[in-house]
Amino acid sequence: MYRCMMDKEAHQLKDFLELGGLKSTKERETILKELEVLEEHFNAEKLYSILSRKGTKVSRPTIYRTLKLLERFHLIERLDVKKNCFYYEPMSHKKDHGHLVCEHCGRIIDFASESIQDLKSEVFEGKNFKLDNISIQIFGICETCQKTSKIKS
């Protein structure tokens, strides 16, 4: 139920939040609408910047609190890419994929592989373990940073 929320109309946010005993506010609806169209990984500061450029007034603390709330209800997934550096992606974008994380610039690149499904089958076979989510993060240096490093050398 929670995972498909991002695909529904924003007016349903009120009902969704009330199920959790929370209020639907204009700011929360604004954030949710922005996440529906956002097509890349983001952090709280990037979301704040996007909303500010659009002339939307949502405070940083509201963004941080709302992201925690959306994470709690499984509407977004938090990616821990570096110490105290969290990025998010909407669960509506979630398919079996992994993340390539650049250790220089922090860029996150999605990748898909048939092997992810094979890995899930292999690891959980006969273990009586209900799989909720699989997260694969591979750290390295992106193409752009590799080129920049070669130029500086």
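The values are calculated or read from the model by the stated rules, or taken from the named source; none is laboratory data. Given the structure is predicted, the values throughout are model-derived calculations rather than measurements. When we count neighbours, we look across all protein chains shown, and the Cβ atoms used for this are built from the backbone with ideal geometry, even at glycine.
List of remarks:
- Residue check, GLY98 of a type outside the set (D, E, K, R) and more than 20 Å from ILE141 (Cα to Cα): no
- Any hit, segment 113-124, residues being out of contact with any Asp or Glu (no Cβ under 8 Å at 6 or more places or on another chain), surrounded by fewer than 18 Cβ atoms within 10 Å (Cβ to Cβ), β-branched (Val, Ile, Thr) and farther than 25 Å from GLN146 by Cα: yes
- Residue count for segment 103-145 satisfying the condition of being basic (Lys, Arg) and under 19 Å from the mean Cα position of the chain (by Cα): 1.
- Check on LEU19, among the aliphatic types (A, V, I, L, M), more than 28 Å from CYS85 (Cα to Cα) and modelled with pLDDT of 70 or more: yes
- Scanning segment 131-144 for residues that are assigned to a helix (DSSP H, G or I) and over 16 Å from HIS99 (Cβ atoms) yields a count of 1.
- Positions within segment 21-38 being touching a Ser or Thr at 6+ places or on another chain (Cβ under 6 Å) and among the charged types (D, E, K, R), in sequence order: GLU27, ARG28
- Among the residues of segment 115-134, the one identified as under 23 Å from HIS41 (Cβ atoms), without any contact (Cβ under 8 Å) to a residue 24 or more places away in the chain and of a type in the set (D, E, K, R) is ASP132.
- Residue check for ASN128: modelled with pLDDT under 75 and either part of a loop (DSSP other than H, G, I, E, B) or outside the structural domain of PHE42 (by TED's automatic domain parsing) (or both): no
- If the condition is being modelled with pLDDT of 90 or more and touching a His at 6+ places or on another chain (Cβ under 8 Å), then segment 131-153 contributes ILE141, CYS142, CYS145.
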